[in-house]
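Structure first, commentary second.
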């Protein structure tokens, strides 16, 4: 899922973006903010892939807010003012949407987002981790988790549960962050709430993954990736 943050001081603009986003199964609104200050606080707590950012907002304008971020997520500017377009492009944004935003123009903008992400994937060499384990923080104690012991990972809103061959470990994190810690050649995201260990899969259908007697759903937006990964 593409985790989105909507930043705009006008409720109708937020509502319109929400409606457009509902047209995409793989876009998810994680949070909305009515000021840049509120957006900054959200970014400290949540993993965000894409920001829809208004420019004319009280206290701190969108462009000035964007300049304060060291490693910002991908950004699509939304504004009623054409004159800001040059500033936006100088900051390497994905697109510049002029209000009121039509659905067909919104779709083109999302296409540009995917093109940018795919280009970065194509030009960035994949580094295969040499480590066979990682540590997670549980009740102020660092617990070692061996990759080969993991069966699957399950989302529990603000937590994740790591199911291993002999225990269940609950960690304060979200599944997106956990996915970045697991080697992509060993683990597969099958659903917005599940990551499975590829070598532990015993069977699968178009609808679910099986690890022995455990059934794990396949989300519609993950089905193609699952099929491409598991089909020999």
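The table below lists the values:
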item	result
Filter pass, residue 184 being out of contact with any helix residue (DSSP H, G or I) (no Cβ under 8 Å at 6 or more places or on another chain) and assigned to a loop (DSSP other than H, G, I, E, B)	yes
Evaluation of residue 9 against (1) closer than 17 Å to residue 66 by Cβ; (2) under 20 Å from the mean Cα position of the chain (by Cα) (one fails), failing number	(2)
Filter result (touching a helix residue (DSSP H, G or I) at 6+ places or on another chain (Cβ under 9 Å) and either surrounded by fewer than 14 Cβ atoms within 10 Å (Cβ to Cβ) or free of Cβ contacts under 8 Å to residues at least 24 places away in the same chain (or both)) within segment 213-232	230
Residue identified as closer than 23 Å to residue 221 by Cβ, in contact with a helix residue (DSSP H, G or I) (Cβ under 9 Å, 6 or more places away or on another chain) and surrounded by fewer than 17 Cβ atoms within 10 Å (Cβ to Cβ) among 111, 19, 95	19
Among the candidates 226, 145, 196, 170, residue that is within 21 Å of residue 1 (Cα to Cα) and part of a strand (DSSP E or B)	196
Test: residue in segment 114-122 that is touching a helix residue (DSSP H, G or I) at 6+ places or on another chain (Cβ under 9 Å) and at pLDDT below 90	no
Residue list for segment 148-173, filter: exposed (fewer than 13 other Cβ atoms within 10 Å of the Cβ) and closer than 17 Å to residue 137 by Cβ	158, 167, 168, 172
Index of the failed condition, residue 176 passing every other in (1) assigned to a helix (DSSP H, G or I); (2) under 27 Å from residue 15 (Cα atoms); (3) at pLDDT below 90; (4) in the same structural domain as residue 6 (by TED's automatic domain parsing)	(4)
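The values are calculated or read from the model by the stated rules, or taken from the named source; none is laboratory data. Here the structure is a predicted model, which means the values were calculated and not measured. Note that each Cβ is placed from the backbone with ideal geometry, even for glycine, and that neighbours are counted across all protein chains shown.
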